[in-house]
Amino acid sequence: MGWSSWSFLKGKVSEEAVKAQVDALVAAGLEDAGYRYINLDAGWSDGWDEHGVPKPNLTKFPEGMDGFGAYLHGRGLKFGVYLLPGIEPKLYDANPVIAGTTAHIQEIVVPGLPGSTHKGTYKIDFSKRAAKAYVNSVVEQFALWKVDFVKFDFVGPGGGNLPADNREELKAWHAAIVRSGRPIWLELSNYLSIEQAELWRATANGWRIENDVECYACGRSTDPAVKGNLTAWSRVVSRFSDVPQWIPYAKPGGWNDLDSLDIGNGEKDGITPAERQSVFTLWAIECAPLYLGSDLTHLDADDLKIITNRDLIAIDQAGIPARPLDIQQIRGKTVQAWMTVEKDGTAVLALFNLGAETAEVKFDWREVDALRDTHFAEHAPVMVDLISKDEVAASADGVDVTLESHASQVFRLKGSR
């Protein structure tokens, strides 16, 4: 849980700009709600040192990464940075000696193969001993800076621009982090291949299951109502259909990453109030990382209520992802029901209407009992609306809820087992 710089700042990240976000995060009570990771995305670095290890941009971050990390830790927060796999062309051309070896960078590169799914990087050859030494040197520097989080972007196999294969590099990174003794959270991006899900689990703590959530077209728009919007419903709705296949891999140690939560700036979020609630609800019931991408210095009061809903945050942190209920009455429709049963025996039921029109979500308790280890048909549960906090007397027959377009409702079901 925390804040990531990409959605709002893109490459314009700087010490001054991020400290303003930190001040706003603390003032709004987001730190107390659990949002503690401050993750610098692209733009923090500026070249490499004499051994090819990334250096901070001292114009943007005058205190360096060690100083900026110390500032964050002094405020009780965590410190994250961003990196691409592979070797960039400028580093290849500089050809420095890898720390602790006599080998040069060019000696660990596979000519002609992409080093990431992003254009313009060269693949590292891990049959060369110095390749692991290079990864160790980068991780050792991050550990000295007391980095808590690394976003490793454009990892393949997966999405992106090129068919890269970073599997050996991921193994080397995992080993280097263990070797360093520093508990660094490794997050993989973007749009990883599910065929390698077991490897992502073995080497990392989180992995993106979809493409970027940001609305890049909004930044280019000349329409004042769209210009600068963070995201759009079309950018988020695909997560509802994509995440179910990934659910078996989400468990302590590694989680499905649905990308940043671009919620916090009201209309400039680019999605309606109902859509914002649906997005946050999905992220929470899937136990996904909750890192905000909005401008925290202009927080919207209604958005703040959504992202600080302690009941939904508790569901996210409980770590038992919900699964869709395959119910006959709603199969193939735009309405969905998702459920999880938590360790205390209570169930969480989330209802969504992904369609363009108001719709009814209706099903029988007996159908739920047949799909889950519940006994709702015998003992109708007490339903607590986790948004309004109202108790709803459950019908003995089942659920019958009407939802507006793109709206949701989420309940805790008590007395269900």
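Taking Leu199 and the conditions (1) in contact with a helix residue (DSSP H, G or I) (Cβ under 7 Å, 6 or more places away or on another chain); (2) part of a helix (DSSP H, G or I); (3) open to solvent by less than 20 Å² (accessible area, probe 1.4 Å); (4) not charged (D, E, K, R), which numbered condition does it fall short on, given that it satisfies the others?
In the conditions (1) in contact with a helix residue (DSSP H, G or I) (Cβ under 7 Å, 6 or more places away or on another chain); (2) part of a helix (DSSP H, G or I); (3) open to solvent by less than 20 Å² (accessible area, probe 1.4 Å); (4) not charged (D, E, K, R), Leu199 misses (3) alone.
Among the helices (runs of 4 or more DSSP H) contained in segment 6-56, which hold 3 or more residues that are more than 14 Å from Lys151 (Cβ to Cβ) and open to solvent by less than 30 Å² (accessible area, probe 1.4 Å)?
Working: elements: 6-9, 15-27, 30-33.
Qualifying helices (runs of 4 or more DSSP H): 15-27.
If you scan segment 212-271, which residues turn out to be in a helix (DSSP H, G or I) and open to solvent by less than 20 Å² (accessible area, probe 1.4 Å)?
Initial filter on segment 212-271 (in a helix (DSSP H, G or I)): 216-220, 233-236, 238-249, 266-269.
Residues satisfying the conditions are Cys218, Val236, Arg239, Phe240, Val243, Trp246, Ile247, Gly266, Asp269.
Provide a single number: the residues in segment 101-155 that are over 18 Å from Lys90 (Cα atoms), in a helix (DSSP H, G or I) and modelled with pLDDT of 95 or more.
Qualifying residue count, segment 101-155: 11.
Just name the residue that is modelled with the lowest pLDDT out of those in segment 313-344 that are in a strand (DSSP E or B) and open to solvent by 20 Å² or more (accessible area, probe 1.4 Å). Before the answer, list the steps.
Within segment 313-344, the subset in a strand (DSSP E or B) is 323-324, 335-341.
Restricting the remaining residues to those that are open to solvent by 20 Å² or more (accessible area, probe 1.4 Å) gives 323-324, 336, 341.
Working: Arg323: 98, Pro324: 97, Gln336: 97, Val341: 94.
Only one residue fits best here, namely Val341.
Here are some conditions: (1) surrounded by 21 or more Cβ atoms within 10 Å (Cβ to Cβ); (2) of a type in the set (Val, Ile, Thr); (3) within 29 Å of Ile209 (Cα to Cα). Ile108 meets all but one. Which one does it not meet?
It fails just one condition, (3).
Take the residues in segment 272-297 that are open to solvent by 10 Å² or more (accessible area, probe 1.4 Å) and not β-branched (Val, Ile, Thr); name whichever of them is nearest to the chain's Cα centre (by Cα).
Taking segment 272-297 and keeping what is open to solvent by 10 Å² or more (accessible area, probe 1.4 Å), we get 272-277, 289, 291, 295, 297.
Checking the rest, the ones that are also not β-branched (Val, Ile, Thr) come to 273-277, 289, 291, 295.
Details: Pro273: 21, Ala274: 21, Glu275: 18, Arg276: 16, Gln277: 17, Pro289: 5, Tyr291: 6, Asp295: 17 Å.
Checking each candidate, the answer is Pro289.
Could you please tell me which pairs satisfy a Cβ distance under 6 Å, a separation of 6+ or placement on different chains, a first residue in segment 112-139 that is under 18 Å from Pro54 (Cα atoms) and open to solvent by less than 10 Å² (accessible area, probe 1.4 Å), and a second residue that is among the aromatic types (Phe, Trp, Tyr) and in a loop (DSSP other than H, G, I, E, B)?
Final answer for the pair search is Ser116/Phe154.
Do we have any residue at all in segment 174-188 that's basic (Lys, Arg), surrounded by 13 or more Cβ atoms within 10 Å (Cβ to Cβ) and part of a helix (DSSP H, G or I)?
Scanning segment 174-188 turns up at least one residue that is basic (Lys, Arg), surrounded by 13 or more Cβ atoms within 10 Å (Cβ to Cβ) and part of a helix (DSSP H, G or I).
Considering segment 84-103 alone, what residues qualify as being open to solvent by 60 Å² or more (accessible area, probe 1.4 Å) and of a type outside the set (Phe, Trp, Tyr)? Can you show your working first?
Residues of segment 84-103 that are open to solvent by 60 Å² or more (accessible area, probe 1.4 Å), as a first pass: 88, 90, 92-94, 100, 102.
Within segment 84-103, Glu88, Lys90, Asp93, Ala94, Gly100, Thr102 qualify.
The values are calculated or read from the model by the stated rules, or taken from the named source; none is laboratory data. Owing to the predicted nature of the structure, the values given are computational and were not obtained by experimental measurement. Neighbour counts are summed over all protein chains in view; Cβ atoms, including those assigned to glycine, are modelled from backbone coordinates with ideal geometry. For accessibility, only protein heavy atoms count, side chains too; no ligands or nucleic acids. Shrake-Rupley method; radii C 1.70, N 1.55, O 1.52, S 1.80 Å.
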